[in-house]
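The values are calculated or read from the model by the stated rules, or taken from the named source; none is laboratory data. Everything quoted here is computed from the prediction, not taken from an experiment. As a convention, Cβ positions derive from the backbone with ideal geometry for all residues, glycine included, and neighbour counts pool all protein chains shown. Areas reflect the complete protein model, heavy atoms only, side chains present, ligands, DNA and RNA absent. Shrake-Rupley method; radii C 1.70, N 1.55, O 1.52, S 1.80 Å.
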Amino acid sequence: MARMTQPGMELQELIAEMEQRRGKVEAGGGKERQDKQRAGGKLTARERIDTLLDPGSFLEMGTFVEHRGGRLMQGVEAPGEGVVTGRGTIDGRQVFVFSQDFTVLGGSLGKMNAAKVTKIMDLAAKTGCPVIGLNDSAGARIQEGVDSLSGYGEIFYRNAIYSGAVPQISAILGPCAGGAVYSPALTDFILMSGGSSYMFITGPEVIKSVTREDVTFDQLGGADVHTRKSGVAHLEYDGDEAVLLGVRELLSYLPQNAHEHPPVKETSDPVSRRNERLLEIVQPDQRKPYAMHEVIHELVDDGTFLEIQPNWAKNIVVGFARLGGHSVGIVANNPRVMAGTLTIDASDKAARFIRTCDCYNVPVLTLVDVTGFLPGVAQEHAGIIRHGAKMLYAYAEATVPKITLITRKSYGGAYLAMNSRDMGADVVYAWPTAAVAVMGAEGAANIVYRREINSAENPEAMRAEKIADYKDAFDNPYVAASKGYIDDVIPMEDSRARLIQTFAMLRDKEETRPYKKHGNMPL
Ligand code: HXC
């Protein structure tokens, strides 16, 4: 922007120039485009920052940055370079934030736009604070060519090298394409607003011209698709404001960086609150499904559970809660969906969550009720071995405190994949309803005693006898407890108190691993 004022001007004129320039930047792409944005039910880039942060805490940076020019950018105005960046606080804790402005060239990313973003990412890493990206961008700025690709490269690089060092959270608040989705995909969490945000690497028009497929924004990459089908996004909310409050809630379970512990939230929920309700929820009959969510709500502080990816791979439940004020990550089988068996998607979902907890010093509680990995050609051919291995790897790799509670059945490979003693659980508890075996008694008897059953005078009576025999031998928690695989069989009603006491015991746990550059996790 050319200077309107000349040397020798009065102070008031200099101040007026600054205010005039700032006003122009703050107006973004202008009233018409902002009205269009609001008519679509969206907030503007600056309104989003105000909603996200504690009032009055935002400190803007890079306010007067301009684009670099170039032949196709001659005469093009891009106030604020299409992104608002700076720092603020959430619940009094410092965070860095960038908010893409769709009213300025579709929030597209050019070299200097990227420089604003990387500047605050670097500050976040140096000061050990989370980075929050409010994404509303058409991707690489077409007019800037390779410069815009380079800009994305600089962001992706930082997303990767700061991964696990400081929490990175992405809110998707508009039609995001290309680099505007790959950067969020490199961060820890993606939150979307239903009906007004989309994620795709190429939009419907390009798809039509390449594959001739006719598809709407929603069908291609709406929040429904990414929170139910693809598993790309973690949480869906109704509108911008709800997403931004969701970011605040999510951060409350996480520390500022990998050196710190998550904040403690005082609660009036007594540590020793007895859990009689569990006796109604969980019945001894192994075939009777129950709501694992109810179990979780009963155990945790104030019944508050922030479930992550609640609508994808519903056979496993993951999310954050607190026990005695301390943040915990919960991984639980869901007996109501596919009998809680482990599938490819469930393994991916759990492994990713366990690793996220481990990065940010969130202890992990594993609630086990699982018959095994889902058998079938489709799962085998799609690589259940490769994906299931991620869960084994993630649990073994995690050095945070890890408690496993076996609520009912825990069979076969899934017994190991759900963090058994041998896979690194610090403490394993079981309820009297638990059963640990290679498989269920019916299946086991049919395999091991097939010949005796078939040759018996009364095969059904013999089968029943063998099933009872097997149940007696393994279908209970005491065999595993007698061998030290279970530390204690606990009264269900005492579970909350036990878990809180045991996590307190593990709070200062330290566990080291052999030197390596990094492990080679199966992907
Ligand atoms: C520059 C862009 C732009 C872009 C849109 N605009 N995309 N400017 N670079 N990539 C401008 C438009 O000219 C328009 O300007 C304004 O932004 C709003 O765009 P509309 O098309 O009117 O909005 P809408 O109908 O809501 O559609 C949004 C959209 C569509 C779906 C995002 O604009 C679109 O498909 N854009 C191209 C997406 C894309 O292919 N990006 C490159 C990806 S490749 P005016 O002046 O009218 O307001 C990439 C490389 C990195 O990102 C890959 C890393 C792996």
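Tabulated data
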{"quantity": "Sequence ranges 109-120, 43-54, 214-225, ranked by mean other-Cβ count within 10 angstrom, highest first", "calculated": "109-120, 43-54, 214-225"}
{"quantity": "Residues of the range 18-177: accessible area per residue with a 1.4 Å probe, Å²", "calculated": "41"}
{"quantity": "Global form of the range 13-82, assessed from the alpha-carbon gyration tensor, a/c cut-off 1.5", "calculated": "oblate"}
{"quantity": "Whole-Å distance, taken between Cα centres, linking the range 61-116 and the range 464-523", "calculated": "50"}
{"quantity": "Förster radius 60 Å - calculated FRET efficiency between Ser272 and Arg212 (Cβ-Cβ, nearest 0.05)", "calculated": "0.40"}
{"quantity": "Surface per residue (accessible, 1.4 Å probe) for the range 203-347, Å²", "calculated": "46"}
{"quantity": "Using θ = phi - 60° and Karplus 6.51 cos²θ - 1.76 cosθ + 1.60, couplings along the range 505-513 (whole Hz; Gly, Pro as x)", "calculated": "4, 8, 4, 9, 4, 10, 9, 10, 10"}
{"quantity": "Residue-normalised accessible area of the range 404-449, expressed per residue, 1.4 Å probe, Å²", "calculated": "28"}
{"quantity": "The range 347-466 shape via C-alpha gyration tensor axes, a/c threshold 1.5", "calculated": "oblate"}
{"quantity": "Relative packing of 487-500, 234-247, which averages over residues the other C-beta atoms within 10 Å, highest first", "calculated": "234-247, 487-500"}
{"quantity": "FRET efficiency for Gln74 and Ala396, using Cβ-Cβ distance with R0 set to 51 Å, rounded to 0.05", "calculated": "0.35"}
{"quantity": "Packing rank of 315-328, 56-69, where each peptide gets the mean count of other beta carbons within 10 Å, highest leading", "calculated": "315-328, 56-69"}
{"quantity": "Of all accessible heavy-atom area on the chain, the percent that carbon and sulfur account for (1.4 Å)", "calculated": "55"}
{"quantity": "Shape category assigned to the range 139-235 from the gyration tensor of Cα positions, a/c cut at 1.5", "calculated": "oblate"}
{"quantity": "Amide proton proximity set for Ile486, modelled H, under 5 Å, gap of 5+", "calculated": "Ala481"}
{"quantity": "The range 151-169-the range 328-344 distance, computed between alpha-carbon centres (Å)", "calculated": "30"}
{"quantity": "Tail fraction, Cα-Cα pairs, the chain, threshold 39 Å, whole percent", "calculated": "34"}
{"quantity": "Diffusion coefficient, µm² s⁻¹, Stokes-Einstein with Kirkwood Rh over alpha-carbon pairs of the range 120-196 at 4 °C and 1.567 mPa s", "calculated": "101"}
{"quantity": "Within straight-line cross-link reach of Lys471, aspartates and glutamates at Cα separation under 15 Å, skipping those fewer than 8 residues along the same chain", "calculated": "Asp285, Glu442"}
{"quantity": "Derived scalar couplings ³J(HN,Hα) [the range 134-150; Karplus, 6.51 cos²θ - 1.76 cosθ + 1.60; whole Hz; x for Gly, Pro]", "calculated": "9, 9, 7, 8, 7, x, 4, 6, 4, 5, 9, x, 5, 4, 6, 4, 4"}
{"quantity": "Antiparallel content of DSSP bridges confined to the chain, in %, to 5", "calculated": "40"}
{"quantity": "Inter-label distance, nm, simple model (7 Å from Cα along the C-beta direction), Tyr157/Glu460", "calculated": "7.3"}
{"quantity": "Span from the the range 309-325 Cα centroid across to the the range 182-261 one, whole angstrom", "calculated": "18"}
{"quantity": "Hits among aspartates and glutamates - C-alpha to C-alpha of Lys288 under 15 Å, sequence gap 8 or more where chains match", "calculated": "Glu280, Asp369"}
{"quantity": "Charge-dipole axis of the chain as Lys and Arg at +1 and Asp and Glu at -1 on Cβ define it, positive-most pick from Ile207, Ala321, Tyr253", "calculated": "Ile207"}
{"quantity": "Dipole of the range 408-523, positive end: most advanced residue of Gly412, Ala480, Ala444 [Cβ charges, Cα centre]", "calculated": "Gly412"}
{"quantity": "Length-normalised contact order of the chain in % [C-alpha pairs under 8 Å, at least 6 apart]", "calculated": "9"}
